[in-house]
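> Input: one structure, supplied below.
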Amino acid sequence: MNETNGMRRRELLRMTALGAAAAWTATRAKLGLAAGKLPIGVQLYSVRKDCERDLPGTLKALKGFGYEAVEFAGYYGRSASELRRLLDDHGLKCCGTHTGLDTLEGDALAKTVEFNQTLGNPFLIVPSIPEERRKTADDWKALAARFDTLADQVAPAGMRVGYHNHNFEFAAIGGTTPWELFFGGTKPLVVQQVDIGNCIDGGGDPVALIKRYPGRTASIHVKEFSKTKPDAFVGEGDVPWHAVFEACETLGGTSWYIVEYEHESQPAIPAVGRCLTNLRKMGK
């Protein structure tokens, strides 16, 4: 790379970062979030069995730990208005929903948007793609085009659509990876919800991803990864958390840290409580 091209690239990155910062500020203002530290939510999949048994009691416990929001992965047979009432009763916000791709297509899209408007949620995150739709590089390129369309469709409602990774998105296909094919082919409106633990498990570098696609990590799954202790709590494994936080808070355009803990070897509610305690010890 010659000096002129290097200067142009640095300027492009600087302008992109400025755009990410503006988007970050605007989103936080819309959500009624104060300036300063990023708020912390929890993915309810972490405590799904507790939610099935006693959703109000579970929300009360999460608020008691100090969580500010929840991300849904299922609605426990309740309507949007019922869920919103429960959130309001416990002083919680909705920081996202894991929304199946099928609920964003065809006639289902309008109902999904309305449901999430009632929840007060701007982030429609697709948690997985059916395997038959993601086998080849061309499949991922087609998905990128589809998400671009969806991003345009939900934007008038003040929403963004996004995708959440597992580990397979970092296995090379023809010299690149599905993650690069997808996010390299989508517009900045499409959110990359990086699941830190899954990313590292698949051989990816979460810090590099946040920096490579600035302004697009509107929410991030704070999940630990450990080579020696699979059920490690957040802050007790191998993740370089301070580098992750710095990337989120400078280039990521991040509005929410969302804790996720999936290991059934530990009681779910105390586990997410300990994860939050550890985040507080790290200054979050």
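The values are calculated or read from the model by the stated rules, or taken from the named source; none is laboratory data. None of these values were measured; they are calculated from a predicted model. In this analysis, Cβ positions are derived from the backbone assuming ideal geometry, glycine residues included, and neighbour counts consider all displayed protein chains. Please note that ligands, DNA and RNA were not included when accessible areas were found on the heavy atoms of the full protein model with its side chains. Shrake-Rupley method; radii C 1.70, N 1.55, O 1.52, S 1.80 Å.
> For a label point 7 Å from the Cα of D238 along Cα→C-beta, name the residues of the range 187-208 whose backbone N is under 13 Å from it.
197-206
> Here's another thing I want to ask about it. log10 I(q)/I(0), Debye, Cα-only the chain, no solvent, q = 0.12, 0.16 Å⁻¹?
Result of the Debye calculation: -0.75, -1.38.
> At 7 Å along the Cα-to-beta-carbon direction for both D205 and F168, put a label point, then send me their distance in nm to one decimal.
Here the answer is 2.6 nm between the modelled labels.
> Near the amide H of E71, under 5 Å away, which other amide H atoms are found, from residues 5 or more places off or on another chain, if H is placed in the peptide plane?
Excluding prolines and chain starts, which carry no amide H, the hits are V42, Q43, L44, C95.
> Related question: Would you be so kind as to identify which of P240, N116, G175 lies farthest towards the positive end of the dipole of the chain, taking Lys and Arg as +1 and Asp and Glu as -1 on Cβ and the Cα centre as origin?
It is P240, whose Cα lies furthest towards the positive end.
> Determine the dipole magnitude for the range 153-284: charges of +1 sit on the beta-carbon of Lys and Arg, -1 on that of Asp and Glu, nothing else is charged, the reference point is the Cα centre, and the result goes in debye to the nearest 20. Let's see the in-between values first.
On the way: 12 positive and 14 negative charges, 87 e Å.
The dipole magnitude comes to about 420 debye.
> Per residue, how much accessible area does the chain have with a 1.4 Å probe, in Å²?
Values: 12850 Å² over 284 residues.
Normalised by residue count, the accessible surface of the chain is 45 Å².
> Okay, next question. Assuming 0.36 nm per residue, please report the length gained on full extension of the stretch K49 to A108 beyond their Cα-Cα distance. Walk me through the numbers on the way to the answer.
Numbers: separation 59, 0.36 × 59 = 21.24 nm, distance 2.72 nm.
Roughly 18.5 nm would be gained on extension.
> Among F65, N165, Q192, whose Cα projects farthest towards the positive end of the dipole of the chain, with charges put on the beta-carbon of Lys, Arg (+1) and Asp, Glu (-1)?
The Cα lying farthest towards the positive end belongs to F65.
> Counting only protein heavy atoms, what percent of the accessible surface of the chain is carbon or sulfur at a 1.4 Å probe?
Values: 6760 of 12850 Å².
So the carbon and sulfur contribution to the accessible surface is 53 percent.
> Enumerate the calculated ³J(HN,Hα) couplings along the range 73-86 in order (Karplus 6.51 cos²θ - 1.76 cosθ + 1.60, θ = phi - 60°), each rounded to whole Hz, writing x wherever the residue is Gly or Pro.
Once rounded to whole Hz, the list reads 9, x, 10, 6, x, 10, 6, 4, 5, 5, 5, 4, 5, 5.
> Assign unit charges at the C-beta atoms only (+1 for Lys and Arg, -1 for Asp and Glu), then state the dipole size of the chain relative to its Cα centre in Debye, rounded to the nearest 20. Mind dumping the intermediate values first?
On the way: 34 positive and 34 negative charges, 172 e Å.
In debye, rounded to 20, the chain gives about 820.
> What aspartates and glutamates could a cross-link reach from K281, if we take a straight Cα to Cα line under 18 Å and drop same-chain neighbours fewer than 8 places away?
List returned: E68, E224, E236, D238, E246, E249, E260.
> Amide H to amide H, which residues 5 or more places from V191 or on other chains are under 5 Å from it, using H placed in the peptide plane?
Close amide H contacts, sequence-distant or interchain: V161, G162, Y163.
> Helix 55-65 sits at what angle to the longest principal axis of the chain, using alpha carbons and giving 0 to 90 degrees rounded to 10?
For 55-65 against the chain, the angle is about 70 degrees.
> I've got another one for you. If each of E262 and K227 carries a label point 7 Å out from its Cα toward its Cβ, how far apart are those two points in nm?
Between E262 and K227, the label points sit 2.1 nm apart.
> How high is the relative contact order of the chain, in percent, with contacts defined as C-alpha pairs under 8 Å that are six or more residues apart? Write down the numbers at each step before the final one.
Details: 458 pairs, mean separation 57.7, N = 284.
RCO, the chain: 20 percent.
> To test your reading of the geometry: what angle, between 0 and 90 degrees and rounded to tens, separates the Cα axis of helix 268-281 from the longest principal axis of the chain?
60 degrees
> Rounded to the nearest 5, what % of the DSSP beta bridges within the range 109-226 are antiparallel ones? Mind dumping the intermediate values first?
Numbers: 1 of 9 bridges.
Percent antiparallel among DSSP bridges in the range 109-226 is about 10.
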